[in-house]
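**Student:** One structure, as structure tokens, below. Some questions next.
The values are calculated or read from the model by the stated rules, or taken from the named source; none is laboratory data. Owing to the predicted nature of the structure, the values given are computational and were not obtained by experimental measurement. Cβ: placed from backbone, ideal geometry, glycine included. Neighbour counts: every protein chain shown.
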Amino acid sequence: MTIEPGRSAATDAGPNEAELERRLTQTWSSQRGFWGAVASVDHKVIARRYIVTALVFLALGGLLALAMRIQLARPEARFIDADRYNQIFTMHGSNMMFLFAVPVMEAMAVYLVPLMVGTRNIAFPRLNAFSYWIFLAGGLLLWISFALDTAPDVGWFAYAPLSGPEYGAGKRADIWAQMITFTELSALAIAVEIVVTVLKQRAPGMSLDRIPLLVWSMLVMASLVIMAMPAIMFASSTLIMDRLVGTQFYNPAEGGDALLWQHLFWFFGHPEVYIIFLPAVGMVSTILPTFVRRPIFGYLPLVMALIATGVLAFGLWVHHMFVVGLPRLGESFFTASSMAIAIPAGIQIFCWLATLWAGRPVFKVPLLFLIGFIVTFVIGGLTGVMVASVPFDSQVHDTYFVVAHFHYVLIGGAVFPLIAAIYYWFPKMTGRMMSERLGRWAFWLIFIGFHVTFFPMHILGLQGMPRRIYTYQPDLPWGTLNLFVSLSSVVLSLGFLIFFIDIIRSWSSGRPAGENPWNASTLEWATGSPPPPYNFRAIPVVDTRDPLWSQPDELPVTSGLRSDRRELLISSVVEALPEARESSPQDSVWPFWAAIATSIMLIWSIFSPWAIVWGSVPIAVTLIGWFWPKGAAEDES
């Protein structure tokens, strides 16, 4: 590979520019038509599918939340009966956690990480395509079961033994457990792709101390997925075995242990909060400098805080179990770790405030949502420290205080930055700007609606209102606040409705954006908006953390990659020195067929253990087709 200074990765001028673009477009483009779209392995195409699908699940989950709020607005309401409420409650939590929050954050990584590290496609692109179809199948399984009135009714946590064969009749718990297998298989596939892309496909010169903070956050998030999600996959698989073939993992009467489920679930469940949160803080650290017109304050402390959060995330799971009767000495250690994780969060907040203080803020819609995030997350973090204390947690456990805290952390800590990120990177994905006027309306309605909806829930919890109840008696002091919360949720919903309208309107008729409408500093803005199929005409060379600010017109590039076949540049882990050229697989329909075969086997296994045996045959056939040599190196996975 050679470095050619003084040339732009986006406007690589030269006498053969048009011919080079034509050949690259021909090499990297997918075929037209339905099967061309199905076979595409372009990370941008797959990421857009993920994002749109996850946002659809967000809207559906919001409708379920509104249904619950209508039921709880007045005492002894009859809008939903107890069985349907349990299904809706379970669907809402499972949908938001497994079908929206984690997938949408990973989808942002799938789209942005290859562009931000300066490569032409994500690692293992066929696995990337497979992961989407598996995710979609899991989501359809859950929602079709809801439409057929057989949706899971055991909560998004599915505590044993209530989810076991003794109490969970029918196939509802099995559907929940198998939905977990679908979504976690998809998440693990993406995590592997992100780790390899970040460590081995960075642009020359992008050493570890020059990686964008969003990429750092996605790398830590992917590492957490790889280490945490096998726990919940094991838990859900053993639950299915208890229900289908008579094992006794969670039956105390036969030597099992119901608390084993909680340990396995929360060993995954609390890192999952940070799997959702860490990409969000990476978004904040990347977007904020653009709108304050200065580099981020405290790059190294922010990186260390991300890593520290990822490490400490695995030492918190027992604070969900303070009331189950564990040894007090052990609980004290988990109290300490639960409070200690506030330290890296505090470091991040102070670095963001310092960046704002020293900069010249331009209050566009993305920055408004970032400021709303900081305010909201601080409140959620403070209540998190409160419930980390065993005596206090023992009083508010399973009350609406925990519901309020949970939503402050996840909506305030993840959804606010996500909306900011969508407004910020929407021009990159579509080439069009979202509406500033509609965006401000959406911000104020969501910000005000969120706080007036969820802050009163702290008071309801302190008044003793349990969570997960579908009605309550008129003589209890909860009616007025519940009515206020339900009315406030309409304001919040209206804000999200405007947000969705803005996305749909801007996608087709938004103002053209140009290549870098925000004058941002990171590499994804060094190519077209939307990017071409090959991302970069020539791979850029990086020598600073903010390459587009340090060299806005003359970004050095490399040469040496062929234009007549799909090739990627492989670099060293630490210094990002060029090491090799690697073929990137061509489009293929085999990941789609493999996902269908896997889905059939997993759904069939809800009803018969023999599905694992016979269902493995079509999976093997599709994998043979997937990996069968095609005669050219670039066609092989």
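**Student:** Taking Trp143 as meeting all but one of (1) at pLDDT 95 or above; (2) crowded, with 24+ Cβ neighbours inside 10 Å, write down the number of the exception.
**Tutor:** (2)
**Student:** In this structure, is Asn121 over 14 Å from the mean Cα position of the chain (by Cα), of a type outside the set (Phe, Trp, Tyr) and surrounded by 20 or more Cβ atoms within 10 Å (Cβ to Cβ)?
**Tutor:** On the way: over 14 Å from the mean Cα position of the chain (by Cα): yes; of a type outside the set (Phe, Trp, Tyr): yes; surrounded by 20 or more Cβ atoms within 10 Å (Cβ to Cβ): yes.
Answer is yes for this residue.
**Student:** How many of the residues in the range 145-167 are farther than 22 Å from Pro252 by Cβ and not hydrophobic (A, V, I, L, M, F, W, C)?
**Tutor:** Within the range 145-167, the subset farther than 22 Å from Pro252 by Cβ is 145-153, 156.
From what's left, not hydrophobic (A, V, I, L, M, F, W, C): 145, 149-150, 152-153.
Adding up the residues that qualify gives 5.
**Student:** Please return the ranges of helices (runs of 4 or more DSSP H) entirely within the range 539-637 where 1 or more residues are in contact with a strand residue (DSSP E or B) (Cβ under 8 Å, 6 or more places away or on another chain), hydroxyl-bearing (Ser, Thr, Tyr) and closer than 30 Å to Asp174 by Cα.
**Tutor:** On the way: elements: 547-550, 590-604, 611-627.
In the range 539-637, no matching helices (runs of 4 or more DSSP H) lie anywhere.
**Student:** So, of the residues in the range 296-305 that are of a type in the set (A, V, I, L, M, F, W, C) and surrounded by fewer than 18 Cβ atoms within 10 Å (Cβ to Cβ), which turns out to be farthest from Pro271 (Cα to Cα)?
**Tutor:** Residues of the range 296-305 of a type in the set (A, V, I, L, M, F, W, C): 296-297, 300, 302-305.
With surrounded by fewer than 18 Cβ atoms within 10 Å (Cβ to Cβ) added as a condition, the list becomes 300, 304.
Values: Leu300: 23, Met304: 17 Å.
The qualifying residue farthest from Pro271 (Cα to Cα) is Leu300.
**Student:** Within the range 491-513, count every residue that is of a type in the set (Val, Ile, Thr) and within 20 Å of Lys364 (Cβ to Cβ).
**Tutor:** Looking only at the range 491-513, we keep the residues that are of a type in the set (Val, Ile, Thr), and these are 491, 498, 501, 503-504.
Next cut, within 20 Å of Lys364 (Cβ to Cβ) only: 498, 501, 503.
Qualifying residue count for the region: 3.
Results for (1) under 24 Å from Gly164 (Cα atoms); (2) charged (D, E, K, R); (3) surrounded by fewer than 24 Cβ atoms within 10 Å (Cβ to Cβ), shown as yes or no for each residue.
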site	(1), (2), (3)
Ala253	yes, no, yes
His263	yes, no, yes
His270	yes, no, yes
Val281	no, no, no
Arg294	no, yes, yes
Ile307	no, no, yes
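**Student:** Could you list, in sequence order, all residues of the range 472-489 that are touching a residue at least 40 places away in the same chain (Cβ under 8 Å) and part of a helix (DSSP H, G or I)?
**Tutor:** Gly479, Asn482, Leu483, Val485, Ser486, Leu487, Ser489, listed by residue number.
**Student:** If I ask for residues that are buried (at least 18 other Cβ atoms within 10 Å of the Cβ), out of contact with any Phe, Trp or Tyr (no Cβ under 9 Å at 6 or more places or on another chain) and under 14 Å from Met304 (Cα atoms), which ones from the range 334-346 would you list?
**Tutor:** Pro344
**Student:** Do we find that Val415 is surrounded by fewer than 24 Cβ atoms within 10 Å (Cβ to Cβ), of a type in the set (Val, Ile, Thr) and out of contact with any Pro (no Cβ under 8 Å at 6 or more places or on another chain) in this structure? Give the steps one after another, and end with the answer.
**Tutor:** Values: surrounded by fewer than 24 Cβ atoms within 10 Å (Cβ to Cβ): no; of a type in the set (Val, Ile, Thr): yes; out of contact with any Pro (no Cβ under 8 Å at 6 or more places or on another chain): yes.
Taking the combined requirement at face value, the residue does not satisfy it.
**Student:** Just give me the residues in the range 449-495 being more than 27 Å from Gly372 (Cβ to Cβ) and among the basic types (Lys, Arg), in sequence order.
**Tutor:** Selection gives Arg468 alone.
**Student:** At pLDDT below 95 and within 26 Å of the chain's Cα centre (by Cα), is that true of Arg440? Give the steps one after another, and end with the answer.
**Tutor:** Working: at pLDDT below 95: no; within 26 Å of the chain's Cα centre (by Cα): yes.
The answer is no for Arg440.
**Student:** Would a scan of the range 171-192 turn up a residue that is part of a loop (DSSP other than H, G, I, E, B), at negative phi and surrounded by 18 or more Cβ atoms within 10 Å (Cβ to Cβ)? It would help to see each step written out before you state the result.
**Tutor:** So the first thing to find is which residues in the range 171-192 are part of a loop (DSSP other than H, G, I, E, B), and the list is 171.
Subsequent filtering for residues that are at negative phi retains 171.
Remaining after also requiring surrounded by 18 or more Cβ atoms within 10 Å (Cβ to Cβ): none.
Scanning the range 171-192 turns up no residue that is part of a loop (DSSP other than H, G, I, E, B), at negative phi and surrounded by 18 or more Cβ atoms within 10 Å (Cβ to Cβ).
**Student:** For the range 49-86, give me the residue count where each residue is in contact with a helix residue (DSSP H, G or I) (Cβ under 8 Å, 6 or more places away or on another chain) and either at pLDDT below 95 or not polar (S, T, N, Q) (or both). Let's see the steps before the verdict.
**Tutor:** So the first thing to find is which residues in the range 49-86 are in contact with a helix residue (DSSP H, G or I) (Cβ under 8 Å, 6 or more places away or on another chain), and the list is 49-51, 53-55, 57-62, 64-75, 77, 79-80, 85.
With the extra rule that they be either at pLDDT below 95 or not polar (S, T, N, Q) (or both), the set shrinks to 49-51, 54-55, 57-62, 64-70, 72-75, 77, 79-80, 85.
Final tally of qualifying residues: 26.
**Student:** Would you confirm, using the coordinates I've provided, whether Arg467 is farther than 24 Å from Ala109 by Cβ and in contact with a strand residue (DSSP E or B) (Cβ under 7 Å, 6 or more places away or on another chain)?
**Tutor:** Numbers: farther than 24 Å from Ala109 by Cβ: yes; in contact with a strand residue (DSSP E or B) (Cβ under 7 Å, 6 or more places away or on another chain): yes.
It is true that Arg467 is farther than 24 Å from Ala109 by Cβ and in contact with a strand residue (DSSP E or B) (Cβ under 7 Å, 6 or more places away or on another chain).
**Student:** Return the residue satisfying two criteria in turn: it lies in the range 384-401 and is crowded, with 20+ Cβ neighbours inside 10 Å and within 26 Å of the chain's Cα centre (by Cα), and of such residues it is farthest from Pro456 (Cα to Cα).
**Tutor:** By that ranking, first place goes to Ala388.
**Student:** Given the residues Phe135, Phe182, Phe130, which is the only one that is within 30 Å of Asn251 (Cβ to Cβ), hydrophobic (A, V, I, L, M, F, W, C), touching a Ser or Thr at 6+ places or on another chain (Cβ under 9 Å) and modelled with pLDDT of 95 or more?
**Tutor:** Numbers: Phe135 fails: within 30 Å of Asn251 (Cβ to Cβ); Phe130 fails: within 30 Å of Asn251 (Cβ to Cβ).
Exactly one of Phe135, Phe182, Phe130 is within 30 Å of Asn251 (Cβ to Cβ), hydrophobic (A, V, I, L, M, F, W, C), touching a Ser or Thr at 6+ places or on another chain (Cβ under 9 Å) and modelled with pLDDT of 95 or more, namely Phe182.
This table checks each residue for (1) among the charged types (D, E, K, R); (2) farther than 20 Å from Phe98 by Cβ; (3) out of contact with any Phe, Trp or Tyr (no Cβ under 7 Å at 6 or more places or on another chain).
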position	(1), (2), (3)
Glu166	yes, yes, yes
Ala169	no, yes, yes
Ile175	no, no, yes
Leu188	no, no, yes
Gly205	no, yes, yes
Leu208	no, yes, yes
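**Student:** Being within 17 Å of the chain's Cα centre (by Cα) and of a type in the set (Asp, Glu) is the filter here; which residues of the range 169-200 pass it?
**Tutor:** Glu184, Glu193 - these are the residues of the range 169-200 that are within 17 Å of the chain's Cα centre (by Cα) and of a type in the set (Asp, Glu).
**Student:** Hey, any hits in the range 262-276 for a residue that's free of Cβ contacts under 8 Å to residues at least 60 places away in the same chain and either touching a Pro at 6+ places or on another chain (Cβ under 9 Å) or in a loop (DSSP other than H, G, I, E, B) (or both)?
**Tutor:** Going through the range 262-276, the residues free of Cβ contacts under 8 Å to residues at least 60 places away in the same chain turn out to be 263-264, 266-268, 270-271, 274.
This time we only want the ones that are either touching a Pro at 6+ places or on another chain (Cβ under 9 Å) or in a loop (DSSP other than H, G, I, E, B) (or both), so: 268.
Yes, the conditions are met somewhere in the range 262-276.
**Student:** Working only within the range 514-536, note down all residues that are closer than 19 Å to Lys364 by Cα, out of contact with any Phe, Trp or Tyr (no Cβ under 6 Å at 6 or more places or on another chain), at pLDDT 90 or above and part of a loop (DSSP other than H, G, I, E, B). Break it down into steps so the answer makes sense when it comes.
**Tutor:** Residues of the range 514-536 closer than 19 Å to Lys364 by Cα: 514-522, 525.
After this cut, where a residue has to be out of contact with any Phe, Trp or Tyr (no Cβ under 6 Å at 6 or more places or on another chain) as well, the list is 514-515, 517-520, 522, 525.
So of that shortlist, the ones also at pLDDT 90 or above come out as 517-520, 522, 525.
Residues satisfying the conditions are Pro517, Trp518, Asn519, Ala520, Thr522.
**Student:** Can you tell me which residue within the range 34-68, out of those that are without any contact (Cβ under 8 Å) to a residue 24 or more places away in the chain and within 19 Å of Ile503 (Cβ to Cβ), is surrounded by the fewest Cβ atoms within 10 Å (Cβ to Cβ)?
**Tutor:** Filtering the range 34-68 for residues without any contact (Cβ under 8 Å) to a residue 24 or more places away in the chain gives 34, 37, 45, 52, 56, 63, 67.
Within this subset, residues satisfying the condition of being within 19 Å of Ile503 (Cβ to Cβ) are 45, 52, 56, 63.
Numbers: Val45: 19, Val52: 14, Val56: 15, Leu63: 11.
Top of the filtered list is Leu63.
**Student:** Being under 24 Å from Trp28 (Cβ atoms), out of contact with any Leu (no Cβ under 6 Å at 6 or more places or on another chain) and surrounded by fewer than 24 Cβ atoms within 10 Å (Cβ to Cβ), is that true of even one residue in the range 93-101? Break it down into steps so the answer makes sense when it comes.
**Tutor:** Taking the range 93-101 and keeping what is under 24 Å from Trp28 (Cβ atoms), we get none.
No - not one qualifying residue is present in the range 93-101.
**Student:** Among all residue pairs at least 6 apart or on different chains, which show Cβ distances below 6 Å where the first residue, located in the range 544-571, is closer than 15 Å to Arg202 by Cα and the second is basic (Lys, Arg) and part of a loop (DSSP other than H, G, I, E, B)?
**Tutor:** Within 6 Å, the pairs are Val557/Arg7; Leu568/Arg120; Ser571/Arg202.
**Student:** Moving on. Which of (1) in contact (Cβ under 8 Å) with a residue 40 or more places away in the chain; (2) more than 21 Å from His92 (Cβ to Cβ) does Ala169 not meet, given it meets every other one?
**Tutor:** (1)
**Student:** Specify which of the listed residues (Val281, Val225, Val220, Val245) is touching a Gly at 6+ places or on another chain (Cβ under 6 Å) and either farther than 15 Å from Ala191 by Cβ or hydrophobic (A, V, I, L, M, F, W, C) (or both).
**Tutor:** Working: Val281 fails: touching a Gly at 6+ places or on another chain (Cβ under 6 Å); Val225 fails: touching a Gly at 6+ places or on another chain (Cβ under 6 Å); Val245 fails: touching a Gly at 6+ places or on another chain (Cβ under 6 Å).
Sole residue among the options that is touching a Gly at 6+ places or on another chain (Cβ under 6 Å) and either farther than 15 Å from Ala191 by Cβ or hydrophobic (A, V, I, L, M, F, W, C) (or both): Val220.
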